[in-house]
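All remarks here apply to the structure that follows.
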Amino acid sequence: MEKQLPAISQEKPKVQTVSRHRRSLLEILTPYLFIMPFIIFFLVFFLGPALYSFVLSFYRYRGYGDARFVGLDNYLRALDYHVFWTTLENTLFYWLAHAIPMMLIAFMLAVLVNSNLVTHKNIFKPLIFLPQIVASVAAALVFQNFFGTHTGALNTMLGTEIPWLEDMTLARWAVVILLVWRGIGYWFIIFLAGLTSINEEVNEAATVDGASSIQKLLFITVPLMRNTFLFAFIVDAVVTLRLFAEPNVLGGRGGALAPIEMAPALNLVVSNIRGARFGDAAAIGWMLFVIIAFVTLVQYLLIGRRKKES
């Protein structure tokens, strides 16, 4: 019996080691098993098609037959195409024209709701956010009826027949108004979250020092919200560069895309796909991706620099 005890004691650690190894391996693999559906979806429906479109951007391909390698011709042709620059200018106009008033209104609403002047805040928050949950196509259809020339609600109230959607200059501003209306609710929530994260002791100290509400807003709240503002403007720029539904529903007729004078940049991708010019569509899509990546890089550098300065 005494001679067998060492043998038993020698086998026992091996069993424990194997069991511990299996347990640690299972603990490592378990999180990946949970995210495996996302990984498969990402590889099959995003990364794979993205890489294929990048390769396709160097070919002339109509969806059938052989693809002909053309190098950078698709990119050069897009850069030499005046419509590309017109649609890109329209997209930048939509961003610059709607971003400042939308952010200003959203921030002031957030300040008002966060203050002691407003009671029943839980009622105002969902009401302000409500336009954001409306589908973009549905909202554009409502605004199409609102800005109608003969039977639109706006002209009916004013007693006029202003061609809001026929005049391309006015139609672009109609798109801007729609973007402002839909975007206020989302950025209201973002700014409200930023305001609630500000330490209340800072405002209390400023009050003791005799600062007014306007002074606290301008010299305390706004500087402390600097990174939030920067994040808001850059993210809104990225979203606007992918704008598609609003201008086309307001300006398009009978399922057609909006006229060139108010069309966003993404229209060129869609029109090339409809014309079976898949190489050109892929090239323009990747050019838009580069622009979006550049804007994102600017956001990262600016926010990183602000954090280092603070």
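The values are calculated or read from the model by the stated rules, or taken from the named source; none is laboratory data. These figures come from a predicted structure and were not determined experimentally. We place every Cβ from the backbone using ideal geometry, glycine too, and count neighbours over all the protein chains shown.
One table, with the values for the structure above:
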{"read-out": "Residues that are surrounded by fewer than 21 Cβ atoms within 10 Å (Cβ to Cβ) and not in a helix (DSSP H, G or I), drawn from region 158-185", "value": "Gly159, Thr160, Glu161, Ile162, Pro163, Glu166, Asp167"}
{"read-out": "Total residues in region 186-208, condition free of Cβ contacts under 8 Å to residues at least 24 places away in the same chain and assigned to a helix (DSSP H, G or I)", "value": "10"}
{"read-out": "Matching entry among Ala110, Ala78, Ala67 (being in contact with a helix residue (DSSP H, G or I) (Cβ under 9 Å, 6 or more places away or on another chain) and farther than 24 Å from Gly285 by Cα)", "value": "Ala110"}
{"read-out": "Residue satisfying all of: in region 18-68; at pLDDT 80 or above and charged (D, E, K, R); surrounded by the most Cβ atoms within 10 Å (Cβ to Cβ) among these", "value": "Arg60"}
{"read-out": "Scope region 236-254; condition free of Cβ contacts under 8 Å to residues at least 12 places away in the same chain and in a helix (DSSP H, G or I); matching residues", "value": "Val239"}
{"read-out": "Selected residue [in contact (Cβ under 8 Å) with a residue 40 or more places away in the chain, assigned by TED's automatic domain parsing to the domain that holds Met103 and aromatic (Phe, Trp, Tyr)] from Trp164, Trp173", "value": "Trp173"}
{"read-out": "Condition check for Ala211: assigned to a helix (DSSP H, G or I) and out of contact with any Pro (no Cβ under 8 Å at 6 or more places or on another chain)", "value": "no"}
{"read-out": "Residue match in region 127-140 (condition: assigned by TED's automatic domain parsing to the domain that holds Leu243, over 21 Å from the mean Cα position of the chain (by Cα) and either within 23 Å of Phe244 (Cβ to Cβ) or modelled with pLDDT under 85 (or both))", "value": "no"}
{"read-out": "Failed condition for Gly252, given (1) more than 30 Å from Leu192 (Cα to Cα); (2) touching a helix residue (DSSP H, G or I) at 6+ places or on another chain (Cβ under 9 Å); (3) surrounded by 14 or more Cβ atoms within 10 Å (Cβ to Cβ); (4) not aromatic (Phe, Trp, Tyr)", "value": "(2)"}
{"read-out": "Scan of region 194-238 for residues that are among the hydrophobic types (A, V, I, L, M, F, W, C) and more than 30 Å from Ala293 (Cα to Cα), ordered by number", "value": "Ile198, Val202, Ala205, Ala206, Val208, Ala211, Ile214, Leu217, Leu218, Phe219, Ile220"}
{"read-out": "Residue within region 217-232 that is polar (S, T, N, Q) and in contact (Cβ under 8 Å) with a residue 60 or more places away in the chain present", "value": "yes"}
